[in-house]
Each structure stands twice: as C-alpha cells, then as structure tokens.
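Report on one structure; see the data block that follows.
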Amino acid sequence: QYRGTKKTLKQVGEELGVAYVLEGSVQRAGNKVRVTGQLIRAATDEHLWAQNYDRDLTDIFAIQSELAQAIAGELKAAISPQEKKLIENRPTENIAAYDLYLRDRALRNSAQFSRDDRITLLKAAVQLDPNFAAAWAMLANVYSNDARNDYSVSRASKVTSARAAIENAVRLAPDSTDILIAQARYLIRIEKDYSQAIPLLERALSQSPNEPTAFASLSEIARAQGRLSGALSHTRKAIELEPGNLIEIGMAA
C-alpha cells in the first residue's frame with residue numbers, strides 16, 4: 001500500500017506503529033536475484049544499515065535468513081534459539097512451488113482476489129512439492145472459508161477438500177505456527193469445535209506472540225459465542241499488528 005507513496009517515513013512509521021522501516025527491492029533475471037535492503041529510523045529518517053545481495057534464486061531462503069539476522073543485529077535484538085530456528089526454516093526446497101505460494105499470498109491480500117485462482121495456485125504448489133506444509137495449510141484455509149457460509153450441495157466437496165488439505169499439513173508440520181492456526185480455523189469453520197481450536201491458537205501465540213491471524217481467529221470464536229467485546233478486542237489487536245492485511249483479518253473476524 002505504500003508503493004509510490006508521497007508520505008514521509010515518519011508518517012508511515014506512525015501509521016504502522018513502528019520505530020523502524022525496512023525499505024528494499026527485489027530484481028530477478030533468469031536464475032539470478034538481487035535483493036537490496038536498508039533499515040531506517042522512521043522518526044528521524046536516519047539510515048542505520050544497507051546491504052545488497054546478489055545470489056542464485058535457489059539461495060533466496062539464505063538471503064531471507066541473513067537479512068533477518070543482520071537487522072536484528074543492528075537493532076541489538078537478542079534472537080532466541082527458537083526464533084533462530086524459525087528464521088532459518090526453509091518451507092520448501094522447490095523454488096517454483098514457493099513462487100506460486102507467494103503469488104497466492106499477494107492475491108489473498110488484494111481487494112479483488114478470486115477463490116478459484118487461489119486454489120489453482122496452491123494446488124500447483126503442492127503438486128510441485130507434496131511436502132510443502134504451509135501451502136497445504138493455506139489451501140485448507142481457502143476451502144474452510146469458502147465452505148463455512150455455503151449451504152448448497154457443493155459444500156460437502158469443499159469440506160472434504162479442506163479436511164484432506166489440513167490433514168496433510170498437520171502430518172507434515174504439526175508444530176508449525178501456520179499449521180496450528182490453519183487447524184484451528186478448520187475446527188472453527190467446519191466443525192464448530194471452539195474448545196479444541198482455542199488451545200491450538202494459544203499454542204501458536206506462545207510460539208509467535210505477534211501473529212495477527214491467530215488473534216483474528218480468536219475474534220472469530222468470540223463472535224460466534226456472542227462475546228462481542230472479546231471479538232472487538234482481538235480484532236483490534238490483529239489490525240494493530242498487521243494493518244496492511246485487513247482483508248485476511250476481515251475474513252476471519
């Protein structure tokens with residue numbers, strides 16, 4: 001939403017509620033990629049750190065890990081062993097599958113996303129890498145969200161697809177934050193089993209305390225149970241954590 005903006009970094013920082021802004025770009029040419037990044041103190045426009053990375057496309061996960069650790073170092077932030085493990089995690093070894101997954105994420109956050117387009121992208125991703133747990137989890141989310149308000153004869157097939165996708169995700173990565181949230185969403189939207197969903201979301205937040213979709217899912221439960229003040233509180237927290245992802249939060253809340 002800030003691409004080409006005329007707003008100052010101070011304004012952007014205030015809108016996002018952050019002290020630092022990471023600017024950067026990615027240029028791709030064949031199998032080569034150049035990633036640039038610069039860390040800026042929003043209040044003063046002070047440039048704290050900048051770096052270019054020229055790598056093969058297959059090294060994209062290594063670049064992500066290096067960026068995260070370099071930024072943490074500049075901010076003098078301590079990285080716990082669990083956080084280091086998350087940073088270094090490679091969701092898939094198949095770059096083409098990961099590209100499809102990222103295209104789905106971009107589509108999900110757009111104002112005019114198509115359910116069928118999302119399913120096409122995610123199905124292609126898991127066909128390229130059947131062990132891509134995050135893609136299975138996202139596919140389960142799409143089917144679960146589509147089935148929850150569907151009372152037609154087609155609902156049964158959507159439920160079956162959602163169940164198969166979430167079972168694959170849980171089998172591959174049962175402890176992943178993304179999979180815990182996707183599993184909770186399946187329980188919320190398909191099974192209406194809030195008592196099992198809440199511990200999964202609490203576990204996800206114990207691993208990633210600033211995960212907005214977990215708060216959005218807790219809001220969904222609170223609303224279904226008639227606890228409107230709780231729903232509002234969780235939704236506000238989700239928006240505070242990720243104001244640029246209002247579509248996904250809105251789908252949950």
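The values are calculated or read from the model by the stated rules, or taken from the named source; none is laboratory data. Please read these numbers as outputs of a predicted model, since none were measured by experiment. All Cβ positions, even for glycine, are placed from backbone atoms using ideal geometry, and neighbour counts span all protein chains on display. Calculation scope for accessible area: heavy atoms of the full protein, side chains included, ligands and nucleic acids excluded. Shrake-Rupley method; radii C 1.70, N 1.55, O 1.52, S 1.80 Å.
When Rg and the Kirkwood Rh are both derived from Cα coordinates, the Rg/Rh ratio for region 183-238 amounts to 0.94. Provide, for q = 0.16, 0.20 Å⁻¹, the log10 of I(q)/I(0) from a solvent-free Debye sum over equal Cα point scatterers in region 44-142. For region 44-142 at q = 0.16, 0.20 Å⁻¹, log10 I(q)/I(0) is -0.83, -1.03.
GNM, the chain, Cα, under 10 Å: largest mean-square fluctuation among Asn141, Asn89, Asn31? Its mean-square fluctuation being the largest, the pick is Asn31.
Can you tell me the FRET efficiency between Asn149 and Glu191 if r is taken as the Cβ-Cβ distance and R0 is 22 Å, rounded to the nearest 0.05? Can you show the working numbers first?
Details: r = 15 Å, r/R0 = 0.69.
Taking R0 as 22 Å, the efficiency between Asn149 and Glu191 is 0.90.
Could you tell me whether region 168-211 comes out rounded, prolate or oblate from its Cα gyration tensor? Rule is a ≥ b ≥ c as square roots of the eigenvalues, rounded for a/c under 1.5, then prolate if a/b exceeds b/c, otherwise oblate. Verdict is oblate for region 168-211. Principal-axis analysis of the Cα atoms of the chain puts helix 155-172 at an angle of about 50° to the longest axis.
Placing +1 on the Cβ of every Lys and Arg and -1 on the Cβ of every Asp and Glu, with no other charges, gives the chain a dipole of roughly 560 debye about its Cα centre. Taking θ as phi - 60° and the Karplus parameters 6.51, -1.76 and 1.60, the scalar couplings of region 90-105 work out to 10, x, 7, 8, 9, 5, 5, 5, 5, 4, 5, 5, 5, 5, 5, 4 Hz in sequence order, x denoting glycine and proline. Near Leu39: Cβ cut-off under 10 Å, other residues only, Lys/Arg at +1 and Asp/Glu at -1. The net charge is -2. For the chain, the relative contact order comes to 11 percent (Cα pairs under 8 Å, sequence separation of at least 6).
Residues whose amide H lies under 5 Å from that of Trp49, counting only those 5 or more places away or on a different chain, are Leu39; hydrogens are built 1.01 Å from N in the peptide plane.
Between Gln127 and Arg236, the modelled labels are 4.7 nm apart [label points 7 Å from Cα along Cα→Cβ].
Which of Tyr98, Asn131, Tyr151 sits closest to the plus end of the dipole of region 86-168, meaning its Cα is farthest towards the positive end, when Lys and Arg get +1 and Asp and Glu get -1 on the C-beta? My answer, from the dipole projection, is Tyr151.
Please find the FRET efficiency linking Ala50 to Ala164, where r is the Cβ-Cβ separation and R0 is fixed at 41 Å, and quote it to the nearest 0.05. Approximately 0.35, to the nearest 0.05. Protein-only accessible surface at a 1.4 angstrom probe places the residues Phe113, Phe61 in the order Phe113, Phe61, largest first. Taken over the C-alpha atoms, region 105-241 has Rg and Dmax values of 14.5, 44 angstrom. For region 125-193, take N as its residue count and report Rg(C-alpha) divided by 2.2 N^0.38 Å. Taking the Cα Rg and dividing by 2.2 N^0.38 Å, one obtains 1.04. Using a probe of 1.4 angstrom, how much of the accessible area of the chain is carbon and sulfur, in percent? Heavy-atom surface of the chain belonging to carbon and sulfur, 1.4 Å probe: 50 percent.
Each of the peptides 230-242, 9-21, 207-219 was scored by the mean count of other Cβ atoms within 10 Å over its residues; in descending order, highest first, they stand as 207-219, 230-242, 9-21. Over the chain, DSSP H runs of length four or greater, each weighted -39,500 (n - 2.57), average out per residue to a 222 nm ellipticity of -19000 deg cm²/dmol.
Simple spin-label estimate for Ser157 and Arg115 gives 1.2 nm between the two label positions (7 Å along the Cα-to-Cβ direction from each Cα).
At a probe radius of 1.4 angstrom, the accessible area of the chain per residue rounds to 55 square angstrom.
Using the charge dipole of region 1-44 (Lys, Arg: +1 at Cβ; Asp, Glu: -1 at Cβ; taken about the Cα centre), state which of Val26, Gln11, Leu39 has its Cα farthest towards the positive end. With unit charges placed on the Cβ atoms, the residue in question is Val26.
Per residue, the average separation of C-alpha pairs within less than 8 Å and at least 6 apart gives region 1-69 a relative contact order of 25 percent.
Just to confirm the number: angle between the C-alpha axis of helix 194-207 and the first principal axis of the chain, 0 to 90 degrees, nearest 10? With both axes taken from Cα atoms, the answer is about 10 degrees. In terms of its C-alpha gyration tensor, region 99-163 has an oblate overall shape, because the principal axis ratio a/c (a ≥ b ≥ c, square roots of the eigenvalues) is not below 1.5 and a/b does not outweigh b/c.
Once both labels are positioned 7 Å from their Cα atoms along Cα-to-Cβ, the gap between Glu93 and Lys7 label points is 4.2 nm.
Here region 160-185 is scanned for amide nitrogen atoms under 13 Å from the site 7 Å beyond the Cα of Ala68 along Cα-to-Cβ, giving 177-178. Each residue of region 20-36 is assigned a 3J(HN,Hα), and the resulting list reads 10, 10, 9, 9, x, 8, 10, 10, 10, 9, x, 9, 9, 9, 10, 10, 10 Hz, derived from the Karplus form 6.51 cos²θ - 1.76 cosθ + 1.60 (θ = phi - 60°), x at Gly and Pro.
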